[in-house]
Amino acid sequence: MTVLPGRSLPERHPLQRWPSPSRGASALLHSLGLCSFAFSFGYLVWNPNPINDSYGWHLQYLTIIGLSLSAATFAVGLLADVTLSGRLFAVKNTLSVASAPMECLISLLYWGLRMIDPKLVLPDWAPPLGLAADLSFHAVPSLTLVADLLLFSPPYTIALPPALGLSGCIAFGYWVWIERCYRFNHFYPYPLFAIMSTTQRIGLFAFSALLMTLSTATLAWLYNAINGRAKPIPDSVTTLPEDRRRGVKRE
């Protein structure tokens, strides 16, 4: 890899498995992910249904909100790969704290509910999804974001209470959003919402917030299981001068 004069690569976390930002494998993963996301967005335009002309467009679907956040995460990641920018790499990792668990939540809810009854998540008036489109919406985003976390990212640093707070804010915000869309459209994007009472929908969103928090904790555990766990730095090391501390090997 050629680094421009005056530009240095950001310091790689000891637990990060493969180099990133990088114009090699990291850029390839981000490029392939963005191609899949672009196909998904294109599918919404090429195969219109009543949602296209309704208030909120396809952003009424949690799937499309998650897809948008995933696209933003990988777009920033690819820019970091191309420019070798440590700042953009840090932004990508920050976005991943929300996008990766959200995509895991979407995949779990969608495939779980679909196994129970496809009519809970697929309205009768919407054309059936082909396999390629179904996977691009409900499987590829979670798989690529998890791969990016495990292979090309430092470990999560978010603690459980902030993770629960983030998940709760997302769930509450989505509840407010779909209720607003309902006032304009007089229908819900997911048939499941229509057969539930307001109290039941609140319970579903609370459960989703807990499930997203569990996804965050599971991803952090999986990262440690695959890449190892950082060992605490002894007090004797933290008291060393900065120039000597840099030479201490961390695992």
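A short reminder: the numbers here are calculations on the coordinates, not readings from a lab. Keep in mind it's a predicted model, so treat the numbers as computed, not measured. For neighbour counting, all protein chains shown are included, and Cβ atoms are generated from backbone atoms with ideal geometry for every residue, glycine included.
Restricting everything to alpha-carbon atoms, can you work out Rg to Rh for region 25-230 with a Kirkwood hydrodynamic radius?
Here Rg/Rh amounts to 0.97.
Enter the angle in degrees (range 0 to 90, nearest 10) between the Cα long axis of helix 25-46 and the first principal axis of the Cα atoms of the chain, meaning the one along which they spread out most.
Here the helix axis deviates by roughly 10 degrees.
Quick check for me: using +1 on Lys/Arg Cβ and -1 on Asp/Glu Cβ, what's the dipole size of region 79-160 about its Cα centre, in debye to the nearest 20?
180
So for region 1-129, what percent of the C-alpha to C-alpha distances run longer than 17 Å?
Percentage above 17 Å: 66.
Order of His58, His30 from fewest to most other C-beta atoms within 10 Å?
Final ranking by Cβ density, sparse to dense: His58, His30.
Just to be sure I follow: if Rg is taken over the C-alpha atoms of region 97-170 and Rh is the Kirkwood radius over the same atoms, what is Rg/Rh? Please report the intermediate quantities before stating the final value.
Working: Rg = 14.8 Å, Rh = 14.0 Å.
On the Cα set of region 97-170, Rg over Rh gives 1.06.
Given Gly173, Ala163, His186, which one lies farthest toward the positive end of the charge dipole of region 110-209, if we put +1 on the Cβ of every Lys and Arg and -1 on the Cβ of every Asp and Glu?
Among Gly173, Ala163, His186, the one farthest towards the positive end of the dipole of region 110-209 is His186.
Compute a Gaussian network model of the chain, connecting alpha carbons closer than 10 Å, and tell me which residue from Leu67, Leu214, Leu78 fluctuates the most.
Evaluated over the chain, the most mobile residue of the options is Leu214.
Distance in nm between label sites at Met115 and Asn49, each 7 Å beyond Cα in the beta-carbon direction?
About 2.3 nm, to one decimal.
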